[in-house]
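Single-structure report; data block below.
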Amino acid sequence: MKLEMKDQPGQLVAALKPISAVGGNIIAVIHQRETSTPAEALDVQIVLELPEGRLPNLLELLRAQGVSVVRIGEERLLYECTLIMIGHLMHTDLSDTVDQIDRTGSAEVTELSLVMPAIDAPSSARITIRSTTRAEMKRAIRILSAVAEQKNLLIIEPLEDA
């Protein structure tokens with residue numbers, strides 16, 4: 001898993017404690033300062049073993065510590081789908097929209113490109129979702145569609161079967 005956190009003393013320990021709390025086993029921690037991240041952010045890659053069903057709890061505990069999960073192992077998220085969202089994305093809390101998918105524990109937003117032409121004009125975003133199974137992908141798209149309906153956003157789904 002790849003994590004992003006504040007580059008402050010104690011943040012790495014704060015990120016590792018939840019793994020232990022859910023019964024995870026840390027195999028490796030890779031920490032390098034990269035020029036691609038802002039100076040105040042720190043990227044850390046962690047290789048870990050986690051008992052079945054504990055990932056949602058771990059993600060919740062990491063978020064509570066202010067740690068962002070940027071990526072979860074490629075082997076786990078086998079299905080990918082890219083959609084387009086159009087509307088007032090920032091004014092309707094884009095992070096909440098993404099969180100509703102990420103909270104499933106079996107699907108997550110892995111890429112997001114946003115275009116904002118003007119402050120009062122609708123924005124558009126290309127959003128890529130990855131999931132563990134086809135069924136979980138369909139569930140994630142249903143969640144995104146429900147959120148879009150609530151927030152008056154347009155979702156353009158791919159033509160291929162997710």
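The values are calculated or read from the model by the stated rules, or taken from the named source; none is laboratory data. Not measured: the values here are computed from a predicted model. Note: ideal-geometry Cβ built from the backbone for every residue, glycine included; neighbour counts use all protein chains shown. SASA here: full protein model, heavy atoms, side chains in, ligands and nucleic acids out. Shrake-Rupley method; radii C 1.70, N 1.55, O 1.52, S 1.80 Å.
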Checking the conditions here, which among T128, T92, T110, T97 is closer than 25 Å to R63 by Cα and assigned to a loop (DSSP other than H, G, I, E, B)? T92
Limited to region 103-130, what total is found for residues that are closer than 12 Å to L83 by Cβ, charged (D, E, K, R) and out of contact with any Lys or Arg (no Cβ under 9 Å at 6 or more places or on another chain)? 1
Residues of region 1-19 satisfying the condition of being open to solvent by 60 Å² or more (accessible area, probe 1.4 Å) and either over 17 Å from G66 (Cα atoms) or among the β-branched types (V, I, T) (or both): V13
Can you confirm whether region 90-97 contains a residue that is within 30 Å of I26 (Cβ to Cβ), within 14 Å of the chain's Cα centre (by Cα), surrounded by 12 or more Cβ atoms within 10 Å (Cβ to Cβ) and not charged (D, E, K, R)? no
Does E74 satisfy being at pLDDT below 85 and open to solvent by 70 Å² or more (accessible area, probe 1.4 Å)? yes
Scanning region 110-137 for residues that are open to solvent by 90 Å² or more (accessible area, probe 1.4 Å) and either modelled with pLDDT under 90 or of a type in the set (D, E, K, R) (or both) gives I119, D120, R126, R134
With touching a strand residue (DSSP E or B) at 6+ places or on another chain (Cβ under 6 Å) and over 28 Å from V22 (Cα atoms) as the only criterion, which of V47, V115, V67 stands out? V115
For region 1-27, name all the residues that are outside any strand (DSSP E or B), among the polar types (S, T, N, Q) and more than 11 Å from L42 (Cβ to Cβ). S20
Meets criteria (of a type in the set (A, V, I, L, M), open to solvent by 40 Å² or more (accessible area, probe 1.4 Å) and modelled with pLDDT of 95 or more) for L154: yes
The lone exception for S20 - which of (1) out of contact with any helix residue (DSSP H, G or I) (no Cβ under 9 Å at 6 or more places or on another chain); (2) closer than 15 Å to G73 by Cβ; (3) at pLDDT 90 or above it fails: (2)
R103 is checked against (1) over 14 Å from the mean Cα position of the chain (by Cα); (2) surrounded by 13 or more Cβ atoms within 10 Å (Cβ to Cβ); (3) closer than 28 Å to A15 by Cα and fails just one. What number does that condition carry? (1)
Mind checking whether some residue in region 26-40 is open to solvent by less than 80 Å² (accessible area, probe 1.4 Å), more than 21 Å from S131 (Cα to Cα) and modelled with pLDDT of 85 or more? yes
